[in-house]
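Taken together, the values in this text are just the output of simple stated rules run on the coordinates, not laboratory data. A quick note: this is a predicted structure, and the numbers were derived from the prediction, not measured. Using ideal geometry, Cβ is built from the backbone for each residue, glycine included, and neighbour counts are taken over all protein chains shown.
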Amino acid sequence: MRPISSRLSMILGCLLLAVSLPLVAAEKVYRLKLAETWPPNYPILGDTTKNLAAIVEKMSNGRLIIRIDSKNKHKAPLGIFDMVKAGQYDIGHSASYYWKGKDPNALFFTTMPFGMTTPEQYGWFYYGGGLELMEKVYARHGMLSFPGGNTGNQMGGWFRKEIKSLDDLQGLKMRIPGFAGEVFARLGASPTNIPAGELYTSLERNTIDALEWVGPALDLRMGFHKIAPYYYTGWHEPAAELHFLINKKSWDKLPSDLQEILRVAMRSVAYDMYAQSYHENSESWSKIRTEFPDIKVKSFTGEVLDAMQKANMELLAERAAKDPLAKEIIDSQATYLEKARAWTSISDKAYLNSLDD
């Protein structure tokens, strides 16, 4: 056994060595669970959540880790709102207009028929008061919502039969969510919402007569053209923005620097999804033109479009009359659209028109 003096010397030596070394405390790692509406490895939409997880992990030097559960894991593709609100998941990735049954004002933050284009809508979100209005809606439910990626202007859908008049919409069973579904219902159709993984079989089994999904990049992969050859141009979703839905308690537990990292990462991947969507749609549209001659690309007739616009305006007026917050959102979007569209017309539209001269 060593003498006490020897052991004390050894202990003192260790203490002196410890004091001389820099103190490095192990930094806490925060782990968040994210539920997405999409199937596993779903292109573009699912790429966005993977990009988010990768970016926040790298930017935080491993202090913020996001685990992603696709719909095959949580089994509730249209249940994201409830799961995030209850704290079962910290983050959700979905589309705000899916939650009109939970809060009717949620549908305004994806896109609106005959509304803003993607650049116009991003301007409204980030600089025109859109984010603040979205916060008002989701604060009631103990959640935050942030833009989560835009598909750009969506196509009007796949139809088994040509839509020549309003009569052709009567009783038409169509997968079309959001405010556009309400417009179709007013015109006599029967709108419904169906998760992505069930769309093809629903169309194949005549559960629905028509559907809209996104655009060429995702639609061709789904094979809708094999059943419904009429492909209509868009009117209903000129700027379909997905969203990240975050449980407020989960957000508040994050240090301020990680909140900012997450905020910046969400904004980055949202815009990246728009760029990716534009690229992929361009590639797939080229394929439609050269490889799929049986797809009949159509636009709705003036009669049908006029009726859609009339129904849309009536529904907006009714919604605004019933709910002060809905009126605030509708007025904000209309005011911003008027100013932004004037610039769009004299810039992008004028440029494109000049190429046709």
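Computed values, structure above
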| quantity | calculated |
| --- | --- |
| Using alpha-carbon coordinates, inclination of helix 4-20 to the longest axis of the chain, degrees | 30 |
| Where labels lie 7 Å past Cα in the beta-carbon direction, separation of LEU352 and ASP167 in nm | 3.3 |
| Rounded to the nearest 20 debye, dipole of the chain from Cβ charges on Lys, Arg, Asp, Glu | 1620 |
| Taking the chain and dividing mean pair separation by its residue count, relative contact order in percent (alpha carbons under 8 Å, at least six apart) | 22 |
| P(r), alpha carbons of the chain - 20 Å bins starting at zero, rounded % | 27, 52, 13, 6, 3, 0 |
| P(r), alpha carbons of segment 203-357 - 5 Å bins starting at zero, rounded % | 1, 6, 9, 12, 15, 17, 15, 12, 7, 3, 1, 0 |
| Relative contact order for segment 158-309, counting Cα pairs under 8 Å that sit 6 or more residues apart, in percent | 32 |
| Per-residue [θ]222 nm for the chain (sum of -39500 (n - 2.57) over DSSP H runs n ≥ 4, rounded to 500) | -15500 deg cm²/dmol |
| Cross-link reach list, lysines versus LYS161, counting only Cα pairs under 20 Å and skipping chain neighbours closer than eight places | LYS173, LYS226, LYS296, LYS298 |
| Dipole of the chain, positive end: most advanced residue of MET308, GLY197, GLY128 [Cβ charges, Cα centre] | GLY197 |
| Fewest-first ranking of ARG341, ARG175, using other Cβ atoms within 10 Å as the exposure measure | ARG341, ARG175 |
| Cα-based reach from LYS164 at 16 Å (exclusive), listing aspartates and glutamates while leaving out same-chain residues under 8 positions away | ASP209, GLU303, ASP306 |
| Whole-Å semi-axes of the ellipsoid equivalent to segment 19-139 (Cα gyration tensor, √5λ, descending) | 32, 19, 15 |
| THR290, THR192 arranged by Cβ crowding within 10 Å, fewest neighbours leading | THR290, THR192 |
| Sequence of SER299, SER277, SER256 once ranked by neighbouring C-beta atoms within 10 Å, starting from the fewest | SER256, SER299, SER277 |
| Angle between the chain longest axis and helix 45-59 axis [Cα atoms, degrees, rounded to 10] | 20 |
| Tilt relative to the chain, helix 256-291 - C-alpha long axis, 0 to 90 degrees, to 10 | 40 |
| Segment 51-149 - charge dipole about Cα centre, Lys and Arg +1 at Cβ, Asp and Glu -1, debye rounded to 20 | 340 |
| Segment 288-342: radius of gyration over Cα atoms, expressed as a fraction of 2.2 N^0.38 Å | 1.72 |
